[in-house]
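Engineer: Take a look at the following structure, please.
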Amino acid sequence: MIYKLKKEFLQEYIDDLIKNYEVWGPKKIGNDVIFSKLEKGSEFTDERTILGPKNFIYPPREKIGEIDDKEVIVIGVKSCDLLGYRMLDDVLGIDPSYAERRKRVHFLNFVCTEPCQYGFCTTFSGPRLMEYEMQFTDIGNYYVIECNNKNLIGKRFEEGGENEIKALEIIMSDFYKKMPPLDVKDLDKKISWNDPKYAEFAKRCISCGACNFACPTCFCFDTYDDNGLYREWDSCILSGFTRMAGNINPRPTLDLRLRQRFMHKLKFHYENFSYYLCTGCGRCIETCPVRIDIRDFIRGV
Amino acid sequence: MRSMIPVKSRIIDIYKETDDIKTFIVEKTIDEDPVPGQFYEIYVRDAGEIPISIASWNDGLIFSVKRVGAVTEKLHKLVKGDYIGLRGPYGNGFPEHRRFTVLIAGGIGLPPARSYIEYWLSKGAKDMQLLYGARTPSDIVYKKLLDYWSNYIDVQITVDRGDSTWDGNVGVVTTIFNRIKNKDADFLIIGPEIMMKFSIIELKKMGVSDDNIYLSMERRMKCGFGICGHCNIGRYYVCKDGPVFRYSTIKDIPEAIH
Amino acid sequence: MEVKTVCPYCGVGCNIIVVSDGNKILNIIPSKYDAINYGTICIKGWKGLSFAESNKRLKKPLLKKGDGFIEITWEEAIKIAVKRLKEIFEKYGPDSIGFQSSAKCTNEDNYLMQKLARQVFKTNNVDHCARSCHASTIEGLISTIGSGAMTTSIRDIDNSELYFIIGSNTTEQHPIIGARIINNVLIGKKLILADPRKIQISNFATIHMRQYPGTDLALLNTMANVIVEKGLYDKKFIEERTENFEEYLKVIDFYDVDRGSRITGVEPELIEKAAIMYAKSRSIIFYAMGITQHTQGTENVQAIANLAMLTGNIGKKGTGIAPLRGHNNVQGASDMGALADFLPGYKRVYDDEGRKIFEKAWNTQLPSKPGAALNEMFDLSRKGKIKGLYIMGENPVISEPESDLIIESFKNLEFLIVQDIFLTETAIYADLVLPSLSFAEKLGTFTNTERRIQMVRPFLSPPGEAKADWEIITMIAREMGYDWRYSSPEDIMNEISSLVPQYSGLTYSCIEYNGVQWPVNGCKGTEIMHTQNFTRGKGKFIPSYWKRPDEYTDKEYPFILTTGRLYYQFHTGTMTRKSNILEREAPEPFAEINPDDAKTMGIRDGDCIKITSKYGSVNIRARLTDMVPKGILFAPFHYFESPINRITNPKTDPVAKIPELKVTAVRIERCYP
Ligand SMILES: Cc1cc2nc3c(=O)[nH]c(=O)nc-3n(C[C@H](O)[C@H](O)[C@H](O)COP(=O)(O)OP(=O)(O)OC[C@H]3O[C@@H](n4cnc5c(N)ncnc54)[C@H](O)[C@@H]3O)c2cc1C
Ligand code: SF4
Ligand code: SF4
Ligand code: FES
């Protein structure tokens, strides 16, 4: 269903949500914008956060077997993140504890109408998603709301129709002009095991793991014991990721590990699922201390 | 069993095989039956979780574990009656027995080979041969079983370094490839990658096709069912698409056998 | 709850935002704060915080009983602590007790620790680990330019044309600064590196000089010689802003390129090229332990200051001297006077004027004799002079040289208090263990390597009954009969900002979101120091001749052992080794050896080798790499399994008393574990 909402009523809508749910959304903390628990609608901003809200469905660290059962609404997630979580579902979805948590988190996404600094989401499907619970697009005085969850409809929502869809389409075609897609056709076949870029990146990569931790699609985790089993986000950039007993390591050097990262996203996952494991969010570029740029890599292939 | 939560299971018995290998018999607290070549994730409290191949099963599950690091060290310290955690069975297991099969096992590769031999022997299949390489005579595991099997199938053993008690072959496992009885066979290789590498070279020389060579691969593992991302070889996850691969499937992947 | 706080590891002081529910961390987000980390952090920031959530945290005060410990209440703990300290104080006098403060703790904690030592126990026996890392920086820079801190800021890196890194493995030890330098080199700026090892940043070096360990002073003097020779020095700057230039000329005259090259092992052309490039560009010099941990550490630092003054590369945008501080708060702990010879704000203890300020504020007589330095405290206790030791957040058994002697010295003590967040290798020797709070549970401030005072905020609830260090120290002072009334760290900061000139007028509200760099005036900070005048007025050239390091190779000890840290581990590993991923990445000790050396000795990668010095030996695994040149071994000191500091050279710089951890002569042989 298509609705529209006068922009001035967004705060009120969020206030109403807060009455019934725990609501999290982007909020300003000093110079930073981060997902935090909203006490009132006026705290909300639709600015882009450094990290997406992946932690809601997939915490950075958790005790295995321990999940809380509260229902949470996360409003203001960007489409590139949400699309990433759809990809996570394809892998992690078979894990009952992930599936359980996933059901309890409702993401309401906001479609970007201006390109961000590092994003290239048009390459992979663009900011307007096909799958969503509720998708907001700013068309000037109104938000157009595409809705698949009746329970979350607000009292000020007005029915929308042709006009709104038109408006969306114009905004999107404008957006694509501003952010022309990269050419990713047959990338999975063209990408090479011996691309010299791997070694070039390895020269400056400081193994911080940010490209994994910031990525909405990275799903790898490690487990360990600390008086009970825990799991935490892992990074394929680290040598311990594949090291086995007796110091046997199939990926002993950094260039091989960087190769794994690019090839997993742009080849292996494609071969298994017929889509690239990247949504073009650009977070790995933004959080990389030495500006290793996946766009450069794709262009170079 | 696709879950990260281990099922508690009691250790029924422990046997010392060699200085650094012990065999554990544990309660079968998970209903699902394994097939030869599959593995379980074993959780040892205050240490962690590790993948271990099933060696045999009936009332209990039998695992043989070599002490090599933190978790195996702790596991070796457990005693009869202690509890461990279990998840599994995981992986695809060995292909069905369909014709003469040569098992080439090195070191701690024998336990998975055992699961295959026992399973198919019990089904009446005797067209198998085992080539087993150990470091030294005192590193040989399952001595009694090896004797027992040789009543039914051909068992060939070699050691890298002999001693005064040893009158068998000395040399790496490929030095007994001339004893292979049937080249038109399935070859299952279980052991360190370096052994796989040289075995494949020899088998190729003998004209064995890539399709008839199966490798039981080892990678660092954390989940066992394809979600933790640790064990991939190219597009394949060793835990879920393996651990047993046709050589032809993975041979063109640069990091497969390095 | 979400708080903006500071990474607890290195001196870069990256800003992070932690989201938590009070009991566990829900998310860690690098702040976009562009003065420091612009949305990036290193692996320690991403993965190193889980130590705080570890189930092994100390939760209750522990009293030694037999070979083990029993849990006691805080009331009992404080009573016992005070009773025993008082006994020692009364029986043996003030200087019989030593206090070890901590660069991991906040400014507020450190301020109170030294106040406890000085006001309550009347001793200057208070020190912290800056002694073993940057004491020579303090001495070296105060004597030349008047202030012992980085003269410029991290943000200013973008304004330079050239970076000269000497004795710092920047990408591993200060990753986010290293990354900022790399980003600038990628857009065409220049990098001169002086380091015996082929460290990662050498990939980007325009010039890499691999000097012999312990020859830095000669290298710096030779560069100065070249600059003078070619007339590339800044005459105007020298005339207007410095003194003692003539003396300097006399000394560096000795270091012609050929001599410099012979001493350092660096080709003459490289030294020449580097000197010319440095002099001709807007340049910042970065240095760390490779410069300071030498018997000539202070002179090394002075030589750096000399070089900067010679070329006018200081006090302007894009120039300066950048000592890279190891710990998150080693700058702050020094500022707070947790040093045996300095009161807060770098007033010498023997400076009557300076002392008066604190005597008045604290209403007491203060001792004017410098106290025992960190490593001297152990000597003194072995000699029976120090009878009680109160160690806060330090693990000298792993971090200090000749650790066997330290353990021995503990046996001579009548009372040892260790206040920490884990039962460390040192804590097991304590009579009383006090559980304290980590950065994750307490409020306060850290001062990073660029003098930026930043807020640290709690995001987890305390484990068990653990208490903040400042609170514990306050309880002890009160039990000793002193009317300390601090109800929050803010109260302490208010006292600091009224007494310490660099922090003058600072309040927590000034640094709510972003920190400010000292010297501050109210909320206004200083990005670049020494712009008009040097802190000491005129900059003073203090030249020195190079001396052979205390240890050198001979037949018996043909290798030089140098020690350092790894990217994934930190200091003694108390925190990093409790963080799963970090420990996984660097789980065991090793010694790097050049493959050629290894070959001649029949050593293969992974073999056990026994390293022996005059002080002892350790067994360790060999790692073959051409990162180290021939004749040199490198080993990290984080590991209790192979405590490398058991065998390092304890000789110290006579001025700064910093041990020469970087140069120990050793021999190696194979071992069979
Ligand atoms: C499918 C499969 C079947 C196996 N079957 C057996 C068996 O039957 N008997 C046996 O003795 N060993 C077997 N192994 C090897 C065994 O898993 C490792 O020896 C063990 O994980 C080492 O753990 P550790 O903690 O003692 O060593 P550490 O070196 O301390 O390892 C730490 C962690 O790394 C991971 N890890 C290290 N080495 C390996 C490895 N080789 N494979 C996978 N993960 C690793 C584990 O998660 C472990 O917890 C098998 C491995 C795989 C992949
Ligand atoms: S790989 Fe980079 S751009 Fe792609 S989804 Fe991940 S973080 Fe975003
Ligand atoms: S660079 Fe230093 S301060 Fe920044 S995240 Fe890493 S350890 Fe922490
Ligand atoms: S073990 Fe987790 S994906 Fe294979």
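Engineer: Quick one: order C:Lys599, C:Lys4 from most to least accessible surface, probe 1.4 Å.
Structural biologist: Greatest to least solvent exposure: C:Lys599, C:Lys4.
Engineer: Sorted from largest down, give the three principal axis spans of the alpha carbons of chain B, whole angstrom values.
Structural biologist: 47, 45, 34
Engineer: To continue, here is another question. Is the shape of region C:147-288 rounded, prolate or oblate, going by the alpha carbon gyration tensor and its root eigenvalues a ≥ b ≥ c, with a/c under 1.5 for rounded and a/b larger than b/c for prolate?
Structural biologist: Since a/c reaches 1.5 but b/c is at least a/b, the shape of region C:147-288 is classed as oblate.
Engineer: Report the trypsin sites (Lys or Arg not before Pro) located in region A:1-55 that are in a DSSP loop and have at most 12 other Cβ atoms inside 10 Å of their Cβ, or state none.
Structural biologist: Sparse-neighbourhood loop trypsin sites (Lys or Arg not before Pro): A:Lys40.
Engineer: Roughly what % of DSSP beta bridges within the protein assembly as shown run antiparallel, to the nearest 5?
Structural biologist: Expressed as a percentage, antiparallel bridges in the protein assembly as shown total about 55.
Engineer: When the distances between all Cα atoms of region B:2-90 are binned every 5 Å from zero, what whole-number percent does each bin get?
Structural biologist: 3, 15, 29, 29, 17, 6, 1
Engineer: Please work out the FRET efficiency for the pair C:Thr625 and A:Asp174, using the Cβ-Cβ distance as r and a Förster radius of 56 Å; give the result to the nearest 0.05.
Structural biologist: Once the sixth-power term is evaluated, E becomes 0.55.
Engineer: What is the spin-label model distance, in nm, from C:Asp256 to A:Gln117 if the labels are put 7 Å beyond Cα along the C-beta direction?
Structural biologist: A separation of 5.3 nm, rounded to one decimal place.
Engineer: Mind putting a number on the dipole of region C:287-441 about its Cα centre? Charges go on the C-beta only, +1 for Lys and Arg and -1 for Asp and Glu, and I need it in Debye to the nearest 20.
Structural biologist: 620
Engineer: Provide a whole-number value for the mean count of partner chain Cβ atoms within 10 Å of the Cβ atoms in peptide A:59-71.
Structural biologist: 3
Engineer: Taking 25 Å as R0, compute the FRET efficiency from the Cβ-Cβ separation of C:Asp404 and C:Lys91 and round it to 0.05.
Structural biologist: 0.35
Engineer: Using alpha carbon centroids, what distance separates region B:35-97 and region C:418-457, in Å?
Structural biologist: That distance is 41 Å.
Engineer: Under the rule that a partner needs its Cβ under 4.7 Å from the first Cβ, which Cys of chain B have none?
Structural biologist: Isolated Cys, chain B: B:Cys231, B:Cys239.
Engineer: Going from the alpha-carbon gyration tensor of region C:406-464, what semi-axes, largest first and in whole Å, does one get by taking the root of 5 times each eigenvalue?
Structural biologist: 29, 16, 8
Engineer: Determine, from the Cβ-Cβ distance of B:Val79 and B:Ser150 and an R0 of 25 Å, the FRET efficiency 1/(1 + (r/R0)^6), rounded to the nearest 0.05.
Structural biologist: 0.15
Engineer: To the nearest 20 Debye, how big is the dipole of chain C about its Cα centre, given +1 on the beta carbon of each Lys and Arg and -1 on that of each Asp and Glu?
Structural biologist: 260
Engineer: Count the DSSP beta bridges whose two residues both fall in chain C, then state the antiparallel fraction as a percent rounded to the nearest 5.
Structural biologist: 50
Engineer: How would you order B:39-47, C:214-222, A:64-72 from highest to lowest mean count of nearby Cβ atoms within 10 Å?
Structural biologist: C:214-222, B:39-47, A:64-72
Engineer: Output the DSSP H helices from chain C with an along-axis C-alpha extent of no less than 24 Å and a mean Kyte-Doolittle hydropathy no less than -1.0.
Structural biologist: Counting only whole DSSP H runs, the qualifying helices are C:74-92.
Engineer: Chymotrypsin sites (Phe, Trp or Tyr not before Pro), restricted to region B:119-186: which are DSSP loop and have at most 14 other Cβ atoms within 10 Å?
Structural biologist: B:Tyr152
Engineer: List the residues of region C:465-497 whose backbone N lies under 19 Å from a point placed 7 Å from the Cα of C:Glu512 along the Cα-to-Cβ direction.
Structural biologist: C:489-491, C:493-494
Engineer: How much accessible surface does A:Tyr118 have with a 1.4 Å probe, in Å² rounded to 10?
Structural biologist: It works out to around 40 Å².
Engineer: Between the helical axis of A:162-178 and the dominant principal axis of chain A, each derived from Cα atoms, what acute angle in degrees is found, rounded to the nearest 10?
Structural biologist: With rounding to tens, the tilt is 30 degrees.
Engineer: Take every DSSP beta bridge with both residues inside region A:9-77 and express the antiparallel ones as a percent of the total, to the nearest 5.
Structural biologist: Antiparallel: roughly 65 percent of the beta bridges in region A:9-77.
Engineer: Cα centroid distance between region B:222-258 and region C:25-80, in Å?
Structural biologist: Region B:222-258 and region C:25-80 have Cα centres spaced 39 Å from each other.
Engineer: If you count, for every residue in A:16-29, the Cβ atoms of partner chains within 10 Å of its Cβ, what is the mean?
Structural biologist: 1
Engineer: Distance between the C-alpha centers of region C:118-170 and region C:208-231? Whole Å please.
Structural biologist: That distance is 22 Å.
Engineer: Would you grab the residues whose amide H sits under 5 Å from the one on C:Thr242? Only those 5+ places off in sequence or on another chain, please, with H modelled 1.01 Å from N.
Structural biologist: Distant-sequence amide H within range of C:Thr242: C:Gly539.
Engineer: A follow-up question, please. Taking the full set of protein chains and a 1.4 angstrom probe, give the accessible area of B:His97 in square angstrom, rounded to the nearest 10.
Structural biologist: The accessible area comes out at roughly 30 Å².
Engineer: Exactly which GluC sites (Glu not before Pro) in region B:59-156 are in a DSSP loop and have at most 15 other Cβ atoms within 10 Å?
Structural biologist: B:Glu96
Engineer: Taking the Cα centre as origin and putting +1 on Lys and Arg beta-carbons and -1 on Asp and Glu beta-carbons, what dipole magnitude results for the protein assembly as shown, to the nearest 20 debye?
Structural biologist: So the dipole magnitude of the protein assembly as shown works out to roughly 880 debye.
Engineer: Which sequence of C:Ile581, B:Ile50 reflects their accessible areas, 1.4 Å probe, from the largest down?
Structural biologist: Order by accessible area, largest first: B:Ile50, C:Ile581.
Engineer: Rounded to a whole number, what is D in µm²/s for chain C from Stokes-Einstein with the Kirkwood radius over alpha-carbon pairs (4 °C, 1.567 mPa s)?
Structural biologist: For these conditions, the coefficient is 52 µm²/s.
Engineer: What distance in nm separates the simple spin-label points at A:Asn141 and A:Ala99, each placed 7 Å from Cα in the Cβ direction?
Structural biologist: For the pair A:Asn141/A:Ala99, the computed spacing is 4.8 nm.
The values are calculated or read from the model by the stated rules, or taken from the named source; none is laboratory data. Computed from a predicted structure; not experimentally measured. Methodologically, a virtual Cβ is constructed for each residue, glycine included, from the backbone with ideal geometry; neighbour enumeration extends over all protein chains shown. Note: accessible area is taken over every heavy atom of the protein model, side chains too, but ligands, DNA and RNA are not part of it. Shrake-Rupley method; radii C 1.70, N 1.55, O 1.52, S 1.80 Å.
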